[in-house]
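The values are calculated or read from the model by the stated rules, or taken from the named source; none is laboratory data. Since the structure is predicted, the reported quantities are computational estimates derived from the model, not experimental observations. Note that we place each Cβ from the backbone using ideal geometry, even for glycine, and neighbour counts take in every protein chain shown.
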Amino acid sequence: MKYALGIDLGTTNSVVSVYRKGKVESLSIEGSKTVPSVVGFKDKDTMLVGKMAKPRVIIDPEHSIVSVKRFMGDRRKRYSIYGIDYSPVDVSSIILKKLVEGAEKALGEKVKDVIITVPAYFTDAQKEDTRKAGEKAGLNVLRLLPEPTAAAISYGLDKGKDQTIMVYDLGGGTFDVSILDIKGNKFNVKAVDGNSQLGGDDFDNKIVDFLIDELNQLGKDIKNDNSKEAKLARQKLKEAAERAKIELSEAQSTHIIIPEILGVSLDVELTLQKYNKLIDEYLKDTISKIRSVLKSARMTPEDIDRVILVGGSTRNKAIKEIVTKEIKEPWISEHVDEAVSHGAALLAASLTLPEQDFSPAGKLEYHDRTGHSLGVELLDERNHPFFRPIIVKNTEYPVQQGILAWTVRAFQEQVRVQVFRGENKDCKLNTKLGELLLSIRNLSKDQVPIGAIFDLDQDGILHFYCVELPINIGEQQIIKVVQHAINNGNFLDVESVRKLMESKMVQFLKTEIKSVE
C-alpha cells in the first residue's frame with residue numbers, strides 16, 4: 001500500500017504520523033513518537049539528528065543546531081559548522097529526511113508524499129522555505145497545512161456534529177489561535193492570529209534569566225560573557241530550565257539542582273507562582289491574540305462551542321486557567337504533542353486514498369485564511385507613499401486579487417512596485433517582502449495604467465504579477481479592463497487581465513515573492 005505521511009515539523013520536537021487500517025497513528029522513531037528537532041556534529045564527517053543529537057547540545061553547543069524553525073524565511077541566517085554553512089532550509093531538510101527514513105523503516109516501504117504543518121501565522125516566505133526544505137529532502141509536498149487547522153481536523157473529523165471551535169496552539173517556538181466552523185468533514189477557518197516568535201522556548205529563557213541572576217549572587221556573572229565556559233554554562237541552565245518547566249506542569253514547585261557549574265553548585269526552588277509571574281507577559285500576549293481573533297471573526301466567547309488546547313507548552317496549568325477565564329474550560333487532547341501531526345496525516349490520506357477507503361462522511365475539505373494583509377506601496381494625490389492592501393488579513397485562500405494604479409510622470413519609463421505585509425498605512429511600519437521593476441514599453445504623456453495582481457496559492461505562498469495596461473494603443477479589451485477597475489474602486493477583474501496576459505496583448509512581470517527580511 002502506498003502511504004502518505006503527516007509531519008509536524010516543530011521548533012523543539014517533530015512528529016510523523018500515518019493513516020492506516022482505518023485509524024491514524026504516530027510512528028515511533030528510535031523508540032519515541034516525538035523526535036527532537038536538533039542537528040549536531042561530532043566532527044566534520046559525523047552528523048547526528050534527533051534523539052542522538054540532543055544530549056550533545058549541552059556538551060557541544062557550538063556544533064549543535066536547535067530551534068531552526070524560528071529562522072525559517074530568514075535568508076541571511078547561516079549556521080557555520082566545521083567550515084560548512086547551513087541555511088535554515090538545509091537544517092530543516094536534514095530533520096525531514098530523518099523523520100521520513102524512520103517512518104519508512106516503521107512502515108516497511110518508501111514514502112514520498114507528505115503534508116507538512118506550519119504555524120497559521122507563518123509568512124509566505126516562511127511557508128516557501130518549509131516547502132523548499134521538503135523538496136530538498138526529496139519529498140513530494142502535497143500541501144502545507146496550518147497547525148491549528150490540523151489540530152481541528154484531528155479533533156473534529158467524522159464527529160457528525162456541527163460546531164464552532166477555537167484552537168489555542170502553543171508549541172516550543174510558535175503560537176497560533178484560530179476559530180473554525182466544522183460542518184461534517186468540512187473545516188472552514190473564520191479567523192487566525194498568533195505570534196511566530198512566542199513559545200515554550202521563551203518560557204525556558206525566562207527561567208534561564210532567573211537562574212543567571214541566582215548565579216550572579218554566587219559571584220558568577222555570565223550575562224554578557226561569550227567565552228566557551230559561559231556558553232556551556234548557559235546550555236546547562238537551558239536544560240535545567242526545560243526540566244523545571246515540565247515538572248511545574250504537574251507540581252506546585254520544583255528544585256533546580258546543578259551540582260557543578262563554573263566551580264559552584266546551584267540549588268534553587270522555583271514555585272509555580274513564581275514561574276507564572278516570570279512568563280506573565282507571554283500569557284497576556286496569548287490572551288490579546290484570543291481577543292483579536294474573536295474580533296476578526298465578529299464573535300463573542302459565547303459563540304465558541306469548544307476550545308481545544310494543543311502543543312506541548314499548553315501543559316502549563318496557568319494556560320488552562322486563563323483560557324477558562326477568557327472563554328471557557330478547554331478540551332485537552334490526550335496527545336497534545338501529536339494532534340497536529342495526526343490532522344496532517346488525515347488530510348494526506350484524504351488526498352491520496354479513494355473516498356470509500358477514507359471516511360464514510362466523505363472527503364475532507366478545509367478553507368484557510370491569511371494571517372496578514374498583503375499589499376503594495378502607492379502614492380496619494382500629494383505624492384506621499386502609503387500602504388494599499390490588495391489581500392486583507394483573514395481573507396480565505398487560495399485567492400487572486402488585483403488593483404489598478406497609474407504612472408505619475410509624463411513619459412515615465414519604469415515603475416518600481418514594492419510589496420509589503422502588515423496592517424499599517426505607513427509602509428515603513430510594515431514588512432517589505434520584495435519588489436518588481438516594470439519597464440514601460442508604450443510611453444505616453446498621459447498616465448499609463450498599471451495592474452498589480454496577487455495570487456495567494458493553496459499553501460499561502462504569494463505570487464505577484466505587475467502588468468502594463470496601455471490604453472493609449474486603443475485596444476478595446478484593455479480599455480474595458482481599465483474602465484471596469486475605475487468603476488469598481490480600482491479593483492481589477494483578474495480573470496480578464498489573465499486573458500490579456502495569455503494572449504500577449506499586455507506586458508507583465510511575474511515573481512514568487514522572495515523575502516528580503
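Numbers at a glance
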quantity	calculated
All positions within segment 410-419 that are in a loop (DSSP other than H, G, I, E, B) and either touching a residue at least 60 places away in the same chain (Cβ under 8 Å) or loosely packed, with under 13 Cβ neighbours inside 10 Å (or both)	ALA410, PHE411, GLU413
GLU302 vs. criteria over 16 Å from GLU250 (Cα atoms), in the same structural domain as THR117 (by TED's automatic domain parsing), surrounded by fewer than 23 Cβ atoms within 10 Å (Cβ to Cβ) and in contact with a helix residue (DSSP H, G or I) (Cβ under 7 Å, 6 or more places away or on another chain)	no
First in segment 461-490 and basic (Lys, Arg), second anywhere and surrounded by 14 or more Cβ atoms within 10 Å (Cβ to Cβ), Cβ under 8 Å, 6 or more apart	LYS480/SER496
All helices (runs of 4 or more DSSP H) inside segment 82-176 with 3 or more residues being β-branched (Val, Ile, Thr) and touching a residue at least 24 places away in the same chain (Cβ under 8 Å)	88-107
Which numbered condition ILE207 fails, given (1) part of a helix (DSSP H, G or I); (2) without any contact (Cβ under 8 Å) to a residue 24 or more places away in the chain; (3) touching a helix residue (DSSP H, G or I) at 6+ places or on another chain (Cβ under 7 Å)	(2)
Residue satisfying condition, being at pLDDT 90 or above, among the aromatic types (Phe, Trp, Tyr) and under 25 Å from the mean Cα position of the chain (by Cα), within set TYR19, TYR82	TYR19
Filter pass, PRO330 being over 23 Å from ASP181 (Cβ atoms) and either buried (at least 16 other Cβ atoms within 10 Å of the Cβ) or in the same structural domain as TYR19 (by TED's automatic domain parsing) (or both)	no
Selection within segment 267-296 - within 21 Å of the chain's Cα centre (by Cα) and aromatic (Phe, Trp, Tyr)	TYR282
Pair list, Cβ under 9 Å, 6 or more apart: segment 355-381 residue over 17 Å from ALA152 (Cα atoms), other residue at pLDDT below 75 and in a strand (DSSP E or B)	none
Check on ARG315, modelled with pLDDT of 90 or more, of a type in the set (D, E, K, R) and farther than 30 Å from GLU229 by Cα	no
Number of positions in segment 24-45 that are of a type in the set (Ser, Thr, Tyr), out of contact with any Asp or Glu (no Cβ under 8 Å at 6 or more places or on another chain) and part of a loop (DSSP other than H, G, I, E, B)	2
So GLU495, is it under 31 Å from the mean Cα position of the chain (by Cα), surrounded by fewer than 18 Cβ atoms within 10 Å (Cβ to Cβ) and within 30 Å of ARG131 (Cα to Cα)	yes
Per-region count, segment 49-67, residues without any contact (Cβ under 8 Å) to a residue 40 or more places away in the chain and closer than 24 Å to VAL118 by Cα	5
Residue in segment 168-180 that is of a type in the set (Asp, Glu), farther than 21 Å from ILE115 by Cβ and modelled with pLDDT of 90 or more present	no
Single match in LYS231, LYS236, LYS190 (criterion: in a helix (DSSP H, G or I) and buried (at least 19 other Cβ atoms within 10 Å of the Cβ))	LYS236
Every residue from segment 449-473 that is out of contact with any Gly (no Cβ under 9 Å at 6 or more places or on another chain) and either of a type in the set (Phe, Trp, Tyr) or within 15 Å of GLN507 (Cα to Cα) (or both)	PRO449, ILE450, PRO470, ILE471, ASN472, ILE473
Candidate set from segment 448-475 (those that are modelled with pLDDT under 90 and over 29 Å from HIS367 (Cβ atoms)); member that is surrounded by the most Cβ atoms within 10 Å (Cβ to Cβ)	PRO470
Of residues in segment 29-53 being among the hydroxyl-bearing types (Ser, Thr, Tyr) and within 20 Å of VAL310 (Cα to Cα), the one farthest from the chain's Cα centre (by Cα)	SER32
Conditions (1) farther than 30 Å from LYS132 by Cβ; (2) among the hydrophobic types (A, V, I, L, M, F, W, C); (3) in contact with a strand residue (DSSP E or B) (Cβ under 9 Å, 6 or more places away or on another chain); number of the one not met by LEU456	(1)
Residue list for segment 305-342, filter: among the β-branched types (Val, Ile, Thr) and under 23 Å from ALA251 (Cβ atoms)	VAL310, THR314, ILE319, ILE322, VAL323, THR324, ILE332, VAL336
Residue in segment 137-144 that is under 14 Å from the mean Cα position of the chain (by Cα), under 26 Å from VAL111 (Cβ atoms) and of a type in the set (A, V, I, L, M) present	yes
LEU278 of a type in the set (A, V, I, L, M), under 27 Å from ASP221 (Cα atoms), in contact (Cβ under 8 Å) with a residue 40 or more places away in the chain and surrounded by 15 or more Cβ atoms within 10 Å (Cβ to Cβ)	yes
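Let's see how each residue does on (1) of a type outside the set (A, V, I, L, M); (2) assigned to a helix (DSSP H, G or I):
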position: ALA251; (1), (2): no, no
position: ILE257; (1), (2): no, no
position: SER265; (1), (2): yes, no
position: LEU270; (1), (2): no, no
position: THR286; (1), (2): yes, yes
position: VAL293; (1), (2): no, yes
position: SER296; (1), (2): yes, yes
position: MET299; (1), (2): no, no
